[in-house]
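The values are calculated or read from the model by the stated rules, or taken from the named source; none is laboratory data. Just so we're clear, the structure is a prediction, and the values are computed from it rather than from any experiment. No Cβ is skipped: glycine too gets one built from the backbone with ideal geometry, and neighbour counts run over all protein chains shown.
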Amino acid sequence: MRVKIIVYSLLFCCLASSYRVSAQTEHQRQMFKALSDELRRNVDSLSIKNLEKPFFIQYALQKGRIFQVQATLGGITGINEFPLSSMSVNLLVGNSYLANNNLSNTDYRFGAQGDTAPIDDNYDEIRRRLWLLTDKAYKAATEEYSNKMTSLKQLNLTQEVIDLPDFTALPAVTHYGKADQLNYNRSYWEKTARDCSAVFKKYPDIHGSNVGIEIFSGEIFSVNSEGVQLVHPVRLVAFAVNAFTKLEDGEEISDRLSYYGLSEADIPDAGKLVKYIDEMARNIMTLSKAPKIDESYTGPVIIEGTGFVSDMAALLLSSRTGLVAFRTPLKSGGVERLMEDRLNRRILSGDISVRATPKMKNYNGQTLIGAYEIDSEGIIPEDDFLLVENGMLRALLSDRVPTKKIKTPTGNRVYAYQPQGISTRVSPGVFLINSSNGLSRDSLKARLIEAARNEGLEYAYIIRSLPAGRNAALFKLSLHDGSEQPVRSAVPARIDMSKLKRALGSSAESIVLNMIAGGIPVSVICPDAIIIDELDIEKRNLQNTTKLPIVSNPIMSN
């Protein structure tokens, strides 16, 4: 596996004060001076007699500004615009072979301590808060290390587990990402929120709706005891709409429409948003009048649209079942089932390949919010990293915690979008999923009908979500005449790897979805539909739902 590392100077391993400043702004110099001075002091002085000293300390400081506006039925319900500042301290004691991590949680940032940071660039206050957080992190780490040493004496561990290092050391790195000012038109977004939320005035049978807009721009400064100095620009423009209605039998019909970008231009203009929201509202009303599902169903289905892509991404990002290397904690029970045990075995249907392409910034003219050049540890990831080849698992994304089969970090530990805190997670940035034998929509439908007939069924189902929508609707497909009828009160089972492995085909058309998964900006390029050979769809139990309000919606009388 080829991983490129930016190395500026090994002098940084000694935390030399002559760090590179020519590419920094005055603001950045002030932030790095506060972080580096306090880091150096704790590296030199932090210790407790007869306890392990820290061998790794990492400081992160986020400075930014956020704008938020919420609206309902044409009126602003909330508006905020303010600076944000937060910090975190991550600390490991012992050494890279035997550290305090991997006992109950294998995320080496599990014990990280966080707090708010001063809004002003106050050198003394930044150091004071780092001092207290570092002290707290060190005491927690030494306690965890002591518990781990006790567990090592008591647990029945294989020699392979005992010999596995806890952490991977990296060379010194400097990288100052360019943080361009994110300009936005506040009055435009306030008007857009009002206009978009006003759409629901035409639909009095919709019981609740809201429009939310959030714009965040900032920087994350990071230093560590290995000599790392990084600046990561952080920005996001998010637009979301939620709406629901409730029926006489207690069932709720809802949907969510969302768009994410890195600038105002990445979000559809107000006129298009109004159109999309009107379509969303009409879809909710159509589903509210649909008949209930007749009976439970087991058989082939087509899943299409952004709901499918979102579920696919969540599955592939899972630490246990996805394309992320996972280290089993020492204190863990139950069955150990790791994806790395399936390397070079088939996990998806034979036509599907999956790549991580973190540096891909746009696709067919659409901005990809997950793209990045360097990860939170200073590792430059590969441009095109093959994970699944024609259904066969070839590699996994990994961080600095080695596993039995994955020893090298891949440069995919990235910062989460978390304006009021700092966290990281392993993520591809951009998932490129394609099929070597994609089918047209008509061919997919024909294959679904054939598969259902082979099962002796009279109908099949299509699970479909609107463009940019999240909640899927169920359509009953007649095998007799090919007609589709929306139905409700159904609960489809979630897809998993075993179902994707037996997929009967996927679409030749791709869809791009920008999303936030576990706080991480991720962009997914994926076939927009797939046929699952067998999926359970159960009837929803509505016995414990509440009744409608006694008095009708006041909008009806306006």
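Of note:
- Scanning the stretch 29-53 for residues that are touching a residue at least 24 places away in the same chain (Cβ under 8 Å), in a helix (DSSP H, G or I) and under 18 Å from Thr142 (Cβ atoms) gives Asn42, Val43.
- When the residues of the stretch 344-355 are filtered to those that are among the basic types (Lys, Arg) and farther than 18 Å from Ile495 by Cβ, the one that is surrounded by the most Cβ atoms within 10 Å (Cβ to Cβ) is Arg355.
- Per-region count, the stretch 265-298, residues modelled with pLDDT under 95, under 29 Å from the mean Cα position of the chain (by Cα) and among the charged types (D, E, K, R): 1
- Residue list for the stretch 377-387, restricted to those being crowded, with 21+ Cβ neighbours inside 10 Å and either part of a loop (DSSP other than H, G, I, E, B) or over 20 Å from the mean Cα position of the chain (by Cα) (or both): Glu377, Gly378, Pro381
- Among residues that are free of Cβ contacts under 8 Å to residues at least 60 places away in the same chain, assigned to a strand (DSSP E or B) and more than 21 Å from the chain's Cα centre (by Cα), Val93 is included.
- Hits in the stretch 274-295 (condition: acidic (Asp, Glu) and either buried (at least 17 other Cβ atoms within 10 Å of the Cβ) or assigned to a loop (DSSP other than H, G, I, E, B) (or both)): Asp294, Glu295
- Selected residue [among the β-branched types (Val, Ile, Thr), in the same structural domain as Ile119 (by TED's automatic domain parsing) and in contact (Cβ under 8 Å) with a residue 40 or more places away in the chain] from Val301, Val309, Val228: Val228
To keep it simple, each residue is scored yes or no on (1) within 18 Å of the chain's Cα centre (by Cα); (2) more than 19 Å from Asn412 (Cβ to Cβ); (3) touching a residue at least 40 places away in the same chain (Cβ under 8 Å).
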{"residue": "Lys331", "(1), (2), (3)": "no, yes, yes"}
{"residue": "Arg337", "(1), (2), (3)": "no, yes, no"}
{"residue": "Leu343", "(1), (2), (3)": "no, no, yes"}
{"residue": "Ser349", "(1), (2), (3)": "no, yes, yes"}
{"residue": "Ala356", "(1), (2), (3)": "yes, no, yes"}
{"residue": "Met360", "(1), (2), (3)": "yes, no, yes"}
{"residue": "Ile369", "(1), (2), (3)": "yes, no, yes"}
{"residue": "Asp375", "(1), (2), (3)": "yes, no, no"}
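- Some residue of the stretch 320-343 being small (Gly, Ala, Ser), at pLDDT 90 or above and surrounded by fewer than 22 Cβ atoms within 10 Å (Cβ to Cβ): yes
- Residue match in the stretch 144-167 (condition: farther than 29 Å from Phe326 by Cβ and among the hydrophobic types (A, V, I, L, M, F, W, C)): no
- As for the stretch 430-440, it holds no residue that is part of a loop (DSSP other than H, G, I, E, B), within 30 Å of Asp249 (Cβ to Cβ) and not charged (D, E, K, R).
- Answer residue from the stretch 356-371, given it is assigned to a loop (DSSP other than H, G, I, E, B) and of a type in the set (Gly, Ala, Ser) and is surrounded by the most Cβ atoms within 10 Å (Cβ to Cβ) among those: Gly370
- Inclusion of Ser104 among residues that are surrounded by fewer than 21 Cβ atoms within 10 Å (Cβ to Cβ), part of a loop (DSSP other than H, G, I, E, B) and within 31 Å of the chain's Cα centre (by Cα) is warranted.
- Segments classed as strands (runs of 3 or more DSSP E), wholly inside the stretch 444-558, with at least 1 members that are out of contact with any Pro (no Cβ under 6 Å at 6 or more places or on another chain) and of a type in the set (Asp, Glu): 484-487, 529-539
- Checking the stated criteria, Lys153 turns out not to satisfy the condition of being under 30 Å from Phe82 (Cβ atoms) and either not polar (S, T, N, Q) or not in a strand (DSSP E or B) (or both).
- If the condition is being touching an Asp or Glu at 6+ places or on another chain (Cβ under 8 Å) and under 30 Å from Phe200 (Cα atoms), then the stretch 72-106 contributes Gly74, Ile76, Ile79.
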